[in-house]
Amino acid sequence: MIWPAEAIWEAVSPLLPGFTVEILPEIDSTNTELMRRARAGQIEPVLLVAERQTAGRGRLGRDWSSDAEAQGRTLTFSLGLVLAPVDWSGLSLAVGLSVVQSLHPQLRLKWPNDVWLGDRKVAGILIETASVGQDRYVVIGIGINIVAPDAEGMRTPPAGLREVLPGVQAPDVLLHIMHPLVQAIQRFAVQGFAPLVAAYGARDVLAGREVVCSDGLIGAARGVDASGALLVHTAAGVKKISSAEVSVRPVALGDVQPR
Ligand code: BTN
């Protein structure tokens, strides 16, 4: 595959001095690699793209699989940079928002950081941080299905970007999203999530829907607050969900006994 590494570098390096772009045919996980490098003291801004991950990771300890046949069918990359935001809360929402805004009006966000098309997942975001001396290094990992992978064993059936962008290729998608993404992250660092609440609301797939949380809470999702916490109206009042450890899903028809 031919990657527009130079064009991405030209677009992004004015925003991020010292920025480099690295494309690897294979690695265990782009997030794992950048976290390893950070722990070894390497904290220069970098975009690491892998054509194949052998141990891709998702949120909550889940796998993000991309097998050999998947080459070109998924886009997997991580952006690593030092960041000192006024407040970290809402970063993953700001990242997801930038990605959907860059790509297609029909894409929606499923709190806290999935990209959905209809009721199917197209992309996931995994954000990790490491303390390096006085600095905090953040690794923003994004996996985007260009073509929907095999749905076997998945609770949420996946979708692919080509359903709304016919013929699109992983390198075009990467070039398209990188500059606005870095800008959005830098704006977030200064302003926090609050200015993005309305824009998030316009893409919020859960808004107004019955949701069930992994901690047993059930209620109606009512958007997010200025810190990016999900607001859930329950019989006992409004609950704010901000824990990254909680997963939330819309109550589906046929959900007899939600857990
Ligand atoms: C999720 O849906 O739970 C998050 C998925 C994040 C996957 C991306 S692919 C690039 C980066 N490297 C990883 O191992 N994970 C992220």
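The values are calculated or read from the model by the stated rules, or taken from the named source; none is laboratory data. None of the values given here were measured: they were computed from a predicted structure. As a convention, Cβ positions derive from the backbone with ideal geometry for all residues, glycine included, and neighbour counts pool all protein chains shown. These area figures cover heavy atoms from the full protein model, side chains too; ligands, DNA and RNA do not enter into them. Shrake-Rupley method; radii C 1.70, N 1.55, O 1.52, S 1.80 Å.
Couple of notes before you dig in:
- Checking ILE2, ILE43, ILE8 one by one, the residue that is in a loop (DSSP other than H, G, I, E, B), within 19 Å of VAL173 (Cβ to Cβ) and not charged (D, E, K, R) is ILE2 and no other.
- From LEU83, LEU75, residue being surrounded by 19 or more Cβ atoms within 10 Å (Cβ to Cβ) and modelled with pLDDT of 95 or more: LEU75
- Index of the failed condition, ILE43 passing every other in (1) within 16 Å of the ligand (Cβ to nearest atom); (2) within 24 Å of ALA5 (Cβ to Cβ); (3) of a type in the set (A, V, I, L, M, F, W, C): (1)
- Of residues in the range 137-157 being hydrophobic (A, V, I, L, M, F, W, C) and either open to solvent by 10 Å² or more (accessible area, probe 1.4 Å) or more than 18 Å from the chain's Cα centre (by Cα) (or both), the one farthest from ARG73 (Cα to Cα): MET154
- Pairs with Cβ under 7 Å, 6+ apart, first in the range 10-36 and within 15 Å of the ligand (Cβ to nearest atom), second modelled with pLDDT under 95 and part of a helix (DSSP H, G or I): none
- Residue match in the range 49-68 (condition: more than 11 Å from the ligand (Cβ to nearest atom) and open to solvent by less than 10 Å² (accessible area, probe 1.4 Å)): no
- Only one of GLY201, GLY160, GLY216, GLY208 that is surrounded by fewer than 21 Cβ atoms within 10 Å (Cβ to Cβ), touching a residue at least 12 places away in the same chain (Cβ under 8 Å), more than 16 Å from GLY124 (Cβ to Cβ) and under 20 Å from the mean Cα position of the chain (by Cα): GLY201
- Boolean, LEU165 is crowded, with 16+ Cβ neighbours inside 10 Å, of a type outside the set (Ser, Thr, Tyr) and within 16 Å of the ligand (Cβ to nearest atom): no
Conditions tested, residue by residue: (1) more than 11 Å from the ligand (Cβ to nearest atom); (2) buried (at least 17 other Cβ atoms within 10 Å of the Cβ).
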residue: ALA94; (1), (2): yes, yes
residue: VAL99; (1), (2): yes, yes
residue: LEU103; (1), (2): yes, yes
residue: LYS110; (1), (2): no, yes
residue: VAL115; (1), (2): no, yes
residue: LEU126; (1), (2): no, yes
residue: ALA130; (1), (2): yes, yes
residue: ASP135; (1), (2): yes, no
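- Qualifying residue in the range 45-65 (condition: in contact with a strand residue (DSSP E or B) (Cβ under 6 Å, 6 or more places away or on another chain) and among the aromatic types (Phe, Trp, Tyr)): yes
- Residues located in the range 219-236, provided they are touching a helix residue (DSSP H, G or I) at 6+ places or on another chain (Cβ under 6 Å) and either open to solvent by 40 Å² or more (accessible area, probe 1.4 Å) or not in a strand (DSSP E or B) (or both): ALA226, GLY228
- Per the conditions (1) touching a helix residue (DSSP H, G or I) at 6+ places or on another chain (Cβ under 7 Å); (2) closer than 18 Å to LEU230 by Cα; (3) free of Cβ contacts under 8 Å to residues at least 60 places away in the same chain, the sole criterion not satisfied by PRO112 is (3).
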